[in-house]
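**Student:** Okay, handing you the structure first.
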Amino acid sequence: MSRLSVRAPLAWFGPGRLVPDARVVCDGGLISAAGPASEIARAEREIDVDGFLMPAAADRHVHIERSDPVAVLHGGVTAVRDLGWPANRIFNVADASELVSFNGPLIRAAGPILTAPGVYPTRAAWALPGTGREVTGGLEAAVAVRELAAAGATAIKVSLNAEAGPTLADAELMAICDAAALAGIPVTAHAQGAGQVERALGAGVQELAHTPWVRLSDDVIGAAATRMRWVSTLDILSFGRDTPEIRAALDNLRRFHDAGGQVSYGTDLGNAAIPAGIHTRELLWMRDAGLTNEEVLGALIRSPVVRDAPADLIALGSNPLEGLTAFGDIRLVVRSGRVVIG
């Protein structure tokens, strides 16, 4: 693959790094240089874009086989994290996504969701058999984590959906978190129902796969802000409508953000009418929760533009720092130094 350089009249490389007349050089799937065009030599192939250049997006909560990977990529999302699918399907797809020939985003995966016997997601209408892995007892829970880590899981997802039935016992949840810590991978939780966020905090869960949609106390919000990341997934609570769930989630996320909590963009793609690619309405909800436009962009991107970062870029027709609806006009997508559209 020949080296590629992309030049734009304005680029955002990451928080606080707005660069007029910028050039980014992609070499072997990585960024080798980035800065003012006058300081960066052009590559063998150069693209001039009439628009706003920035890092491509990562969606940190998807169910990719319930969507169209091509549309996801063409919509500006070059990396996704699948948070619940059968191991015998999703890890093969994730391996395939590493290939240059794969027409879709890079896929990282948790594999099946660890859960108590007979409950969510094992009976969910959307889930294929094997989307949930039932565990009983701390030993079995720890074995499941080790097996998933060996299969390539980059996160362990647990179901704490008390509204659907019994959940993992505290001993099982703590065994999962301990085994995941030894494997060096995070635990993310679907926490639904009274007291489940508190249980996740107590066990050492590092991330919530959804912004909680039942109001949390300020004490719980404060503790979560110091120990957890939250994945947004706001629009699944509203699909553009005003609902009690979206109002509660926005209030929780606003207080979490104000307390210094880390927020990441995620859509739960594969859930109902969530569109493939960058979902502008999700971004607008995040702004409604108090994030600035630049903070929304920071939560959205896979990585800032720095040397040796993935060569994943998008160009828009206008500046999203001035208006997030700019993501409705994507003019260039580059994944691993390869031009996908543009």
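Read the figures in this text as sums done on the coordinates, not as results from a lab. Remember, predicted model here, so these are calculated numbers, not experimental data. Counting neighbours? That spans all protein chains shown, and the Cβs are built from the backbone with ideal geometry, glycine included.
**Student:** For the chain, with the dipole built from +1 on Lys and Arg beta-carbon atoms and -1 on Asp and Glu ones, taken about the Cα centre, which of Ala149, Gly342, Gly202 lies farthest toward the positive end?
**Tutor:** Gly342
**Student:** Post the alpha-carbon centroid distance, the range 16-74 to the range 200-245, in whole angstrom.
**Tutor:** Taking the Cα centre of the range 200-245 as reference, the centre of the range 16-74 is 30 Å away.
**Student:** Hey, fewest Cβ within 10 Å first, where do Tyr120, Tyr265 land in order? Don't skip to the end; give the middle numbers.
**Tutor:** Numbers: Tyr120 22, Tyr265 25.
With the sparsest Cβ surroundings first, the list reads Tyr120, Tyr265.
**Student:** Another question about this same structure. P(r) for the range 62-158, please, calculated from all Cα pair distances in 5 Å bins and given in %.
**Tutor:** Spelled out bin by bin, the range 62-158 gives 3, 14, 24, 22, 17, 11, 6, 3, 1 percent.
**Student:** Also, I was wondering about something else. What fraction of the DSSP beta bridges in the range 1-145 is antiparallel, stated in percent and rounded to the nearest 5? Could you put the intermediate results ahead of the total?
**Tutor:** Numbers: 15 of 32 bridges.
So the antiparallel bridges amount to about 45 percent of the total.
**Student:** At most 10 other Cβ atoms within 10 Å and a DSSP loop assignment: could you name the trypsin sites (Lys or Arg not before Pro) in the range 190-255 that fit?
**Tutor:** Values: sites: Arg199, Arg215, Arg227, Arg229, Arg241, Arg247, Arg254, Arg255; in loops: Arg215, Arg241.
Filter output for the range 190-255: Arg241.
**Student:** Give the label of the value calculated from the structure for P(r) over Cα pairs in 10 Å bins from 0, in percent, choosing from [x] 6, 26, 32, 24, 10, 2, 0; [y] 5, 24, 29, 22, 13, 6, 1; [z] 5, 19, 27, 24, 15, 7, 3, 1, 0.
**Tutor:** Checking each listed value against the structure points to [x].
**Student:** So for the pair Glu134, Arg247, with labels modelled 7 Å out along Cα→Cβ, what separation do we get in nm?
**Tutor:** Taking the two extended label points, one gets 4.0 nm.
**Student:** Now for a separate question. Just to confirm the number: angle between the C-alpha axis of helix 170-183 and the first principal axis of the chain, 0 to 90 degrees, nearest 10?
**Tutor:** It works out to around 40 degrees.
**Student:** Want the number for Ala125 to Glu65: 0.36 nm per residue separation, take away the alpha-carbon distance, what's left? Walk me through the intermediate numbers first.
**Tutor:** Values: separation 60, 0.36 × 60 = 21.60 nm, distance 1.47 nm.
Value of the extension gain: 20.1 nm.
**Student:** Hey, another quick one. Excluding the sites themselves, what is the longest stretch of the chain that contains no GluC sites (Glu not before Pro) in a DSSP loop with at most 16 other C-beta atoms within 10 Å?
**Tutor:** On the way: sites that count: Glu44, Glu98, Glu322.
The reported range is 99-321.
**Student:** Another one. For the range 133-179, with only Lys/Arg (+1) and Asp/Glu (-1) charged at the beta-carbon, what is the dipole magnitude about the Cα centre, in debye rounded to 20? Could you put the intermediate results ahead of the total?
**Tutor:** Numbers: 3 positive and 7 negative charges, 38 e Å.
My answer is approximately 180 debye.
**Student:** A further question follows. Where the only charges are on Cβ atoms (+1 Lys, Arg; -1 Asp, Glu), what is the dipole of the chain about its Cα centre, to the nearest 20 debye?
**Tutor:** Numbers: 30 positive and 38 negative charges, 75 e Å.
Computed about the Cα centre, the dipole is about 360 debye.
**Student:** Next question, about the same structure. Antiparallel versus total DSSP beta bridges in the chain: what percent is that, nearest 5? Don't skip to the answer; put the middle values down first.
**Tutor:** Values: 28 of 60 bridges.
If I count the DSSP bridges inside the chain, around 45 percent turn out antiparallel.
**Student:** What is the antiparallel percent of DSSP beta bridges lying wholly in the range 1-84, to the nearest 5?
**Tutor:** Details: 15 of 25 bridges.
Just about 60 percent of them are antiparallel.
**Student:** In nm, what is the difference between 0.36 nm times the number of residues separating Asp288 and Ala33 and their Cα-Cα distance? Before the final figure, lay out the partial values.
**Tutor:** Details: separation 255, 0.36 × 255 = 91.80 nm, distance 3.51 nm.
Taking Asp288 through Ala33 to full extension adds about 88.3 nm, to one decimal.
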